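Read-outs: derived from the displayed coordinates by stated rules, not from any lab. Quick caveat, the model's predicted, so the values are computed rather than measured. A quick note on method: Cβ atoms are made from the backbone with ideal geometry, for glycine too, and the neighbour counts reach across all protein chains shown.
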Amino acid sequence: MTSHYPNLLKPLDLGFTQLKNRVVMGSMHTGLEDRFYNYGKLAAYFAERARGGTGLLITGGISPNRQGWLLPFGGTMSHYGDVINHRRVTSAVHQEGGKILMQILHAGRYGYHPFAVSASNIKSPISMFKPRAMKESEIIKTIRDYGRCAKLAKLSNYDGVEIMGSEGYLLNQFICSRTNKRNDQWGGSLENRMRLPLEIVRKVRKEVGKNFIIAYRLSLIDLVDGGNTWDEIVTIAKALESAGITLLNTGIGWHEARIPTIVTSVPRAAFREVTKRIKHELSIPVMASNRINMPEDGESIVASGDADLISMARPLLADAHFVNKAAAGKAEEINTCIACNQGCLDQTFSMKRSTCLVNPQACFETELVYVKTNRPKKIAVVGGGMAGLSCATVAAERGHDVTLFEGSDDIGGQFTMAMNVPGKEEFRETVRYFRNQVKKTGVKLQLNQKVNTADLNKAGFDEIVIATGVAPRTPKIPGIDHPKVLSYPDVLRHGAKVGHKVAVIGAGGIGIDVSEFLLAEHSPQPLENWLDEWGVDLSVSEAGGLRPPKREQPLRQIWLLQRKHGKKMGQGPGKTTGWVHRLALQHHQVKMMGGVEYLKVDDLGLHIRVGDEEQVLDVDNVILCAGQESVRDLLPTDSEGKITDKRFHVIGGAKMAGEVDAKRAIKEGAELAATL
């Protein structure tokens, strides 16, 4: 047993088998599960995390039948032919000394297809298809389908299965009166509502025998109206234990809940209390989940007895070698998940293959490969933002002689502003990671060093990478040089004094960030304040764990403005998180206005026109968040803008400004470095 994080990294004896540590890679849909021809890539993806020391891995959701598809033609385990593909995954994991469960997921009314079914024919607010209420014969068949699915999983050499019963999927839909309006033996009383999951667990246990892990993911707090109370949840959990499950996994909130559960603004380990309470009701091991992203958090939870296992899906997407680094006492080298969702969930809900903003190799292990070079080159990277850091560290890791020039006194670029925004404190972890990578890989970092093309040519570099990022765009508005006007770097980076009444021009990601920065009283927000703001009751004394929110008067009066009419505020890279930011701003009474024409700034404030009506916003300051422009003056180009020197490459914001996109920047940097 290691002396680093001794509780998190100690084995767990399940009787018939042993897990080598308490770290679990929780289920996460990547898109690779849905197509048989991607199973080689899926095998490499899981094998890398098993090689990185993870004790137990759980696949993305695999459906037991067609009705249960999450996406059209989604991954299923219903025929013996499926076994061949899945054995590629289990074999790869076992060769690396890991164990793996296959998650069985029936989407129910969350299915994005016309075959969707549920307990009742109540449409989900997040799906375009209204489900059909299941007939009793279909329910009986579904129980058999789960049993067959688990039997085939065992034949595929999985170490067990996880039955997905949380987050608002089918089994959750049966358990909760919110979605179960049946008046037969499968609805009405709690005993009837929980009959389906219990029958499924019994059937699965019968099919797979005693020496096979059955995990069940139960929603411990639904965070929706019509959800279950704590007494009901305890009753269900105890019944599941009696029915034969090996492990209980923690589910938090339904996908349709209007309360954030995993985004970066949610405090770390925010829901450990509910896991602690259920653990004291059961004798089987219990798994904690949601916003646990560093080993010290997991160690604290296990050491205190709040849980037996720690589920970390996205953190192991971000760093496949999380466990090995923790075991070696090198937590500072972990590429920490910042809970941005831009590479994972945003991609999934756009029906694209998942990856990770901070780790572009995630789900691309066979395609983005860093091979040691046989021909070391002298490489210059200009710009120490995300693109430049990614390129410099990967190139140096491959064996090149890399010098990184940064004009300011620190690395990080736009991230050094984002990490000052309340709710985005996790972004500091990425800067910390790259700071360690620069040292570890031997990058020669030159801070406060502005270079020109002549300097670069004189130094004799073989390759020159321009990653100089972006500069704020200044809109052409009369009075734009008025003392009231500030840029977003003035506010986020330089600490400019801002008055009580503020107009923010530009409602993209940076406009949202600035608004949230100006409204924050604490950074980071204490858990109790966060629970009060969103109306979360961890005692779950009322249905769904909801209570009336408590909100303080806002610190400032803010108008958030955009030229475009009808476009939602805060749309940009974070498609699955934009709603959280919009609701947070509504909590603070921010006035959001679209279709705005900016007329001028003067002593009276900001003059605008909306439709045919002109008005003056009496504000102390106007803050410009009106987009960015690429900084690429070091590039040698011809009259058509084409690069004339083949040694020069351009990546990140310098290549394309648009919405500031760290995911694209890091990916471009890594991909270029892999080819140099």
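Simple spin-label estimate for residue 602 and residue 448 gives 4.4 nm between the two label positions (7 Å along the Cα-to-Cβ direction from each Cα). What is the calculated FRET efficiency for residue 374 to residue 144, with r their C-beta to C-beta distance and R₀ = 60 Å, to the nearest 0.05? It comes to 0.55. Residues whose amide H comes within less than 5 Å of that of residue 62, counting only those at least five positions distant or on another chain, are 103, 104, 105 (H built at 1.01 Å from N in the peptide plane). Computed extension length for residue 458-residue 638: 62.7 nm, one decimal, from 0.36 nm per residue of separation with the Cα-Cα distance subtracted. Projecting the Cα atoms of 413, 226, 263 onto the dipole axis of the chain, where Lys and Arg carry +1 and Asp and Glu carry -1 at the beta carbon, places 226 farthest toward the positive end.
Charging the Cβ of each Asp and Glu at -1 and of each Lys and Arg at +1, and nothing else, the dipole of region 12-349 about its Cα centre rounds to 920 debye.
Taking the alpha-carbon centroid of each part, what is the distance from region 1-39 to region 335-403 in angstrom? Taking the Cα centre of region 335-403 as reference, the centre of region 1-39 is 24 Å away.
The label-point distance for residue 620 and residue 115, in a model that sets each label 7 Å from Cα toward Cβ, rounds to 6.1 nm.
Taking chymotrypsin sites (Phe, Trp or Tyr not before Pro) as exposed when their DSSP state is a loop state and no more than 11 other Cβ atoms lie within 10 Å, the longest site-free interval of the chain runs over 74-676.
The residue among 286, 342, 67 whose Cα reaches farthest toward the positive pole of the charge dipole of the chain, with charges on the beta-carbon of Lys, Arg, Asp and Glu, is 67. Listed by Cβ neighbour count within 10 Å, with the fewest neighbours leading, 552, 668, 207, 162 appear as 552, 207, 668, 162. Exposure proxy for 106, 649, 86, 94: other Cβ atoms within 10 Å of each Cβ, ordered fewest to most, give 94, 649, 86, 106.
If you wrap the tightest convex hull around every Cα atom of region 181-301 and split its volume per residue, you get 122 Å³.
Computed from point charges on the beta carbon alone (+1 for Lys and Arg, -1 for Asp and Glu), the dipole magnitude for the chain about its Cα centre is near 1920 Debye. Its relative contact order, with pairs defined as Cα atoms under 8 Å and 6+ residues apart, puts the chain at 12 percent. As a proxy for reagent exposure, 644, 235 were ordered by neighbouring Cβ count within 10 angstrom, fewest first; the result is 644, 235. Only Cα pairs under 8 Å and 6+ residues apart enter the sum, and on that basis the relative contact order of region 274-432 stands at 15 percent. Between the alpha-carbon centres of region 145-202 and region 594-633 there is a gap of 54 Å. Pairs from the table (20/663; 41/238; 99/352; 591/667; 130/154) lying more than 31 angstrom apart at Cα are 20/663; 41/238; 591/667; 130/154. Computed with the Debye formula from one identical point scatterer per Cα of the chain, without solvent, the log10 of I(q)/I(0) at q = 0.05, 0.12 Å⁻¹ comes to -0.25, -1.31. About its Cα centre, the dipole of region 61-141 is roughly 220 debye, where the only charges are +1 on Lys and Arg Cβ and -1 on Asp and Glu Cβ.
Taking every DSSP bridge with both residues inside the chain, close to 25 percent are antiparallel.
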